[in-house]
1. Can you tell me the convex hull volume per residue for segment 498-572, based on C-alpha atoms, in Å³ to the nearest whole number?
2. Between A548 and L303, how many nm apart are label points set 7 Å from Cα along the C-beta direction?
3. Taking square-rooted eigenvalues a ≥ b ≥ c of the alpha carbon gyration tensor, is segment 116-177 rounded, prolate or oblate, where a/c under 1.5 means rounded and, failing that, a/b exceeding b/c means prolate?
4. Toward the positive end of the charge dipole of the chain, about the Cα centre and with charges on Cβ (Lys, Arg +1; Asp, Glu -1), which of P145, W135, Q175 goes farthest?
5. Mind giving me the FRET efficiency for Q184 and M85? R0 is 35 Å, r the Cβ-Cβ distance, nearest 0.05 is fine.
6. So if I restrict to the alpha-carbon atoms in the chain, what is the Rg, and what is Dmax, the biggest pairwise distance, in Å?
7. Using a Debye calculation, one point per C-alpha and no hydration shell, please list log10 I(q)/I(0) for segment 27-137 at q = 0.10, 0.13, 0.23 Å⁻¹ in order.
8. If you put +1 on each Lys and Arg Cβ and -1 on each Asp and Glu Cβ, how big is the dipole of segment 333-429 around its Cα centre, in Debye rounded to 20?
Amino acid sequence: MNQVSQARTAEWWRRSTVYQVYPKSFRDTTGNGTGDIRGLTEKLDYLQELGIDIVWLQPVYVSPGHDNGYDVADYERINPEFGTMEDFDELVAELHRRGMKLMTDIVVNHTSTEHEWFKQAISSRDNLYRDYYIWKDPAPGGGVPNNWQSKFGGPAWQYDEASGQYYLTLFDKTQADLNWENEQVRREVNEMMLFWAHKGVDGFRMDVINLISKDQRFPDDDGSVPPGDGRKYYTDGPRVHEYIRAMYDEVFGPYELVTVGEMSSTTLEQCIRYSSPEQREFSMTFNFHHLKVDYPNGRKWELMPYDFEALKRLFSEWQTGMQEGGGWNALFFNNHDQPRALSRFTDDTVYRKESAKLLATTLHGLQGTPYVYQGEEIGMPNPRWKSIEEFRDIESLNMYRILCEQGTSPEQALAILQERSRDNARTPMQWENSPNAGFTTGTPWLKVDERYPDINVQRELERPDSIFHHYRRLIALRKAHAVFTDGIYRRLDEAHPEVFAYARMGDGEALVVVSNFSSKEITFRLPDDHWTDLGAEGKDTLLLGNTAEQAAFTQELRLSPYASYMWLISQN
Ligand code: TEU
């Protein structure tokens with residue numbers, strides 16, 4: 001390793017694991033049916049036992065809650081639904097007392113239309129805040145200024161009768177896009193982030209931050225690049241790197257914050273730029289390409305079985321590309337916007353336990369900083385609701401209506417939501433086998449999954465071979481062996497239809513991960529060249545497995561359904 005990459009891997013957050021908390025569904029201490037900040041503070045010992053270094057807390061700011069807090073009405077006040085600023089301060093103190101860090105969510109592509117800035121802006125064309133948002137006259141013949149589409153369905157423009165202009169909303173119509181061309185907006189955002197840094201926050205997760213710079217010509221999308229909804233004119237836009245560098249120089253750098261940028265429909269080249277230390281932008285980036293492998297031609301609201309080869313190819317491209325380019329990946333299979341990977345890519349019934357461990361082992365062996373989304377560590381599945389009445393997510397309800405309007409039968413629309421809805425990930429955390437899984441003493445805002453008597457934290461903690469303890473071991477292994485951070489990625493499976501196998505080549509040692517993503521019992525033979533390079537004669541140690549059958553690392557491996565193993569090969 002050269003000096004630059006040594007310095008790179010020395011940063012503490014490259015050996016850390018992040019736990020993502022969706023506070024609304026984590027733990028309710030008041031009995032009102034929605035989770036709160038104190039509920040998180042109460043569970044910090046649990047997260048510490050898991051080995052978590054950083055907690056990412058999702059938005060708890062004042063908000064009307066149309067998009068569960070991603071529609072912020074006041075960036076510097078806590079939504080009473082989640083508690084008080086004192087509760088927040090206590091959370092920070094309790095985390096720090098345990099040697100843990102806090103990352104908060106910064107949502108600045110847009111604000112809620114209930115934010116004071118927007119209320120001012122819409123009050124008159126001459127208001128000082130008018131230019132905080134993006135206003136356009138109707139198209140010459142009338143109607144929307146261009147054909148851009150909202151990510152939640154329908155046009156990206158909302159008409160304001162009083163002024164006769166439209167404002168841009170890339171998400172819900174109550175989420176108005178901020179005008180980043182306006183220097184005052186950029187200043188306000190930096191000041192707001194400094195407010196939280198002064199409160200002791202250790203880092204930020206930046207919501208859809210690669211969408212903040214729009215092509216100022218606001219052209220119609222000619223549809224030449226799918227999905228043709230306008231995204232090519234605002235994704236990784238013209239001034240985005242300039243804006244982020246300014247945040248780094250004024251906030252992230254001076255306060256030594258750990259930052260992750262959520263990058264929508266981005267590219268590898270862009271993410272290398274966003275996350276290379278020399279560029280002084282973010283610590284790392286999320287991208288979503290590997291979570292679109294079951295979208296036919298990029299269409300989220302149509303179903304198809306996932307493309308396993310594409311999943312492996314995408315992981316491999318991003319591993320190698322980010323490694324060579326000097327970027328850093330945020331590793332994840334789950335978040336609050338995605339159906340549970342357990343239900344999506346593996347078997348969440350007969351082989352639920354093996355599957356959950358397989359996904360964990362496969363992900364945590366890669367280079368990057370792993371993120372565990374609440375409930376993943378106990379194998380929570382999609383709830384498979386039978387009625388549209390159970391759903392709450394604004395995107396799901398919008399799309400259900402749009403699908404039905406377009407002629408999809410209600411049964412089929414429901415079947416699509418069962419697979420695709422963001423609510424799949426948002427069901428309340430299952431703590432114990434008591435009413436509502438110990439999440440609340442009241443009526444939960446979203447239905448608790450019926451399988452909670454079998455799937456809950458209490459049970460997982462008691463069983464030494466549980467999914468929880470598997471995650472705990474993985475997180476500890478990352479800290480114990482430098483090869484997790486530094487090892488050069490090499491794919492080993494050569495398009496095998498069932499197996500994902502890779503190595504991380506380190507200094508005199510190699511980490512090997514082999515996973516059978518199928519319900520079949522199979523034999524996998526490592527290609528000769530890989531077998532030789534890995535040091536066929538080396539001493540192998542099984543670091544972790546999810547079945548007992550194949551403890552030794554041999555060229556030919558017998559893999560039971562959803563078997564997954566991680567070995568450390570010493571080549572000296
Ligand atoms: O999500 C960004 C985003 O584009 C998605 O993951 C989105 O949910 C999906 O594309 C819809 O099909 C972020 C937040 O994570 C999400 O919860 C918010 O709703 C969204 O931004 C708007 O703030």
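1. Details: hull volume 5.5 nm³, N = 75.
Normalising the Cα hull of segment 498-572 by residue number yields 73 Å³.
2. 3.8 nm
3. Values: a/c = 2.39, a/b = 1.29, b/c = 1.86.
Oblate, since a/c reaches 1.5 and b/c is not below a/b.
4. Checked the options; the winner is Q175.
5. Details: r = 26 Å, r/R0 = 0.74.
Approximately 0.85, to the nearest 0.05.
6. When restricted to Cα atoms, the chain yields Rg and Dmax of 23.6, 78 Å.
7. -0.38, -0.58, -1.23
8. On the way: 12 positive and 14 negative charges, 35 e Å.
Computed about the Cα centre, the dipole is about 160 debye.
The values are calculated or read from the model by the stated rules, or taken from the named source; none is laboratory data. In this text, all values refer to a predicted model and were calculated from it rather than measured experimentally. Here Cβ is always computed from backbone atoms with ideal geometry, including for glycine, and neighbour counts include all displayed protein chains. To get the accessible areas, we keep the full protein, side chains included, count just its heavy atoms, and leave off ligands, DNA and RNA. Shrake-Rupley method; radii C 1.70, N 1.55, O 1.52, S 1.80 Å.
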